[in-house]
Amino acid sequence: MTGTAGKQFWFVVGSQHLYGEEALGEVKAHAQKMTDALNASGVLPYPLVLQDLAVTADKITQLMQEINYRDEVAGVITWMHTFSPAKMWIRGTQKLQKPLLHLATQYNESIPWATIDMDFMNLNQAAHGDREYGFINARLKKQNKVVVGYWERPAVQQQIADWMDVAVAYNESFNIRVARFGDNMRNVGVTEGDKVEAQIQFGWTVDYYGIGDLVEVVNAVGEQEIDALMAEYADLYEFEYGDNSKEAWEASVRVQAGYEIALKRFLDEKGYNAFTSNFEDLHGMKQLPGLAVQRLMAQGYGFAGEGDWKTAALDRLMKVMSHNQNTGFMEDYTYEMAAGQEAILQSHMLEVDPSLAGSKPKVVVSPLGIGGKEDPARLVFDGKAGDGVVVSMVDLGTHYKLLINEVTAFEPTEPAPNLPVARVLWSVKPNFQDGVRAWIENGGGHHTVVSLNLTTDQIVTYAKLVNLEYVVIK
């Protein structure tokens, strides 16, 4: 449920009437072949749709206005096949409110030295057109992406694909709606924040609900609904009874199944795609939602604990950007400080995203030791290995700042038989001392979102689109 179905990108090719209709016909033919080949490459996550040539200011303005109001169009990719006078682009570019990628390429890979003449030079002026077009975007302070290289190369196509994912997430950011069940955890600083500024800058809507609003929905869930979900759990996970009787274990898991059904029903009916909970606000609940939350995160809902709505919204944003692959809410817990083995153990009380699971999850029922409620069920697993980014949204009072740290996750080699929660291990870049110091000095929170699918460049691209200060630690 990432809200990305049916999205497309428009391909707008710049030229001018100076070279005649025959030349423009060749430009259009080249553009169509490129469009077809890029769509057939299998690399781009969304289709590219070729538009009429951009040869007049009126045409460019009309195209950009149409991009703005068509919801299925997530952004525009421009290519200057020839020299396209930049003053034609001013009004249209000023009006454009969606992400823009300038593809600096040309139809032919190499210069045909044996046959090149002035007709070829005039028609194939991408190097000329790129400078003119780039100047006006810089003058207009557009936060556009520039991708340079021959369009048939996989590396260039991958850069376009990565930007497409960011552009779709940027648009979806204005549809992020967070339901807060209860308030923030008492006395914690980093979970506070300016909700109005977040809605102005990022488009996020954050609403409060008393826990009783959710309890009412929980109490209406039927036993047959829970039976069906329990059967699904049996297909997907290992059941570990531990010291519990089978009956007690099953009763606890059924509570979480009811929570999952109720939470999803509440969120979907009211149009929310992210949420928070708080172990200090559970009146009327038998358990803190654990397994239920993990299951919803795996489906693409954003989440963070202790009422941390900023991280819940960021989680949803990065799930959209990553197609909900290997991306989820995380919390720094414990350092490994043995020389040469420095790392950080990531986990949470219950709610670790199973999209990060490297082993088959087990359903475990164990005491929580916090919150004063019944023993909750949760999914326990070890995290995947891979390079990725961990991101924190910091509210400094005067402004927001995004903190980005490159990390390398690795599979634990030591068992932890007494740890009844999922665990993810990673080392930070450039090294433990400098990485941790920089994170702390920049005010990075203990709640984060990690992705083993996204890159630093993608997160920075988003930050620029929303005029967000950012710091990269790598």
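Looking for whichever is surrounded by fewer than 22 Cβ atoms within 10 Å (Cβ to Cβ) and either over 23 Å from Val428 (Cα atoms) or in the same structural domain as Arg378 (by TED's automatic domain parsing) (or both) here; the options are Ala343, Ala312, Ala274. Which one fits?
Numbers: Ala312 fails: surrounded by fewer than 22 Cβ atoms within 10 Å (Cβ to Cβ); Ala274 fails: surrounded by fewer than 22 Cβ atoms within 10 Å (Cβ to Cβ).
Exactly one residue qualifies, and that residue is Ala343.
In the stretch 46-61, which residues are surrounded by 15 or more Cβ atoms within 10 Å (Cβ to Cβ) and out of contact with any strand residue (DSSP E or B) (no Cβ under 7 Å at 6 or more places or on another chain)?
Val55, Ala57, Lys59, Thr61
Contact list please: Cβ distance under 7 Å, first residue in the stretch 253-267 and acidic (Asp, Glu), second residue surrounded by fewer than 23 Cβ atoms within 10 Å (Cβ to Cβ), pairs at least six apart or on different chains.
Listed by first residue and then by second, the contacts come to Glu260/Leu229.
Restricting attention to the stretch 177-197, which residues are among the hydrophobic types (A, V, I, L, M, F, W, C) and closer than 18 Å to Gly305 by Cβ? Lay out the reasoning, then the answer.
Our first condition is that a residue be among the hydrophobic types (A, V, I, L, M, F, W, C); within the stretch 177-197, this holds for 178-179, 181, 185, 188, 190, 196.
Listed by number, the residues that qualify are Val178, Ala179, Phe181, Met185, Val188, Val190.
Checking Phe303 against (1) assigned to a strand (DSSP E or B); (2) free of Cβ contacts under 8 Å to residues at least 60 places away in the same chain; (3) surrounded by fewer than 24 Cβ atoms within 10 Å (Cβ to Cβ), which test does it fail?
Against the list (1) assigned to a strand (DSSP E or B); (2) free of Cβ contacts under 8 Å to residues at least 60 places away in the same chain; (3) surrounded by fewer than 24 Cβ atoms within 10 Å (Cβ to Cβ), Phe303 comes up short only on (3).
Would you check which residues across the stretch 80-101 are among the β-branched types (Val, Ile, Thr) and surrounded by 22 or more Cβ atoms within 10 Å (Cβ to Cβ) and list them?
Step one: of the stretch 80-101, the residues among the β-branched types (Val, Ile, Thr) are 82, 90, 93.
Listed by number, the residues that qualify are Thr82, Thr93.
Hey, which of the strands (runs of 3 or more DSSP E) in the stretch 101-218, taking only ones fully inside, have at least 1 residues that are more than 28 Å from His283 (Cβ to Cβ) and out of contact with any Pro (no Cβ under 9 Å at 6 or more places or on another chain)?
Qualifying strands (runs of 3 or more DSSP E): 145-148.
State yes or no: is Gly258 at pLDDT below 95 and either in a strand (DSSP E or B) or of a type in the set (Gly, Ala, Ser) (or both)?
So Gly258 does not fit the description; no.
If you check Leu425, Leu419, which single one turns out to be hydrophobic (A, V, I, L, M, F, W, C), surrounded by fewer than 16 Cβ atoms within 10 Å (Cβ to Cβ) and within 18 Å of Asp332 (Cα to Cα)?
Working: Leu425 fails: surrounded by fewer than 16 Cβ atoms within 10 Å (Cβ to Cβ).
Only one candidate qualifies: Leu419.
Select from the stretch 405-416 the residues that are surrounded by 21 or more Cβ atoms within 10 Å (Cβ to Cβ) and of a type in the set (A, V, I, L, M, F, W, C) and write down the one among them that is nearest to the chain's Cα centre (by Cα).
So the first thing to find is which residues in the stretch 405-416 are surrounded by 21 or more Cβ atoms within 10 Å (Cβ to Cβ), and the list is 405, 407, 409.
Next, only the ones that are of a type in the set (A, V, I, L, M, F, W, C) stay: 407, 409.
Working: Val407: 17, Ala409: 18 Å.
If we take residues in the stretch 405-416 being surrounded by 21 or more Cβ atoms within 10 Å (Cβ to Cβ) and of a type in the set (A, V, I, L, M, F, W, C), then Val407 is nearest to the chain's Cα centre (by Cα).
So which of Asn68, Asn39 is in contact with a strand residue (DSSP E or B) (Cβ under 6 Å, 6 or more places away or on another chain), modelled with pLDDT of 95 or more and of a type in the set (S, T, N, Q)?
Values: Asn68 fails: in contact with a strand residue (DSSP E or B) (Cβ under 6 Å, 6 or more places away or on another chain).
Criteria check complete, one pass: Asn39.
Please report, ordered by residue number, the strands (runs of 3 or more DSSP E) entirely within the stretch 1-88 with at least 2 residues that are in contact (Cβ under 8 Å) with a residue 60 or more places away in the chain and out of contact with any Leu (no Cβ under 6 Å at 6 or more places or on another chain). Even if it seems obvious, please write down each step before you answer.
Numbers: elements: 8-14, 48-50, 73-80.
Output list reads 8-14, 73-80.
The values are calculated or read from the model by the stated rules, or taken from the named source; none is laboratory data. Predicted, not measured: the structure shown is a model, and the values here were computed from it. Ideal geometry is used to build each Cβ from the backbone, glycine not excepted, and the neighbour counts take in all protein chains shown.
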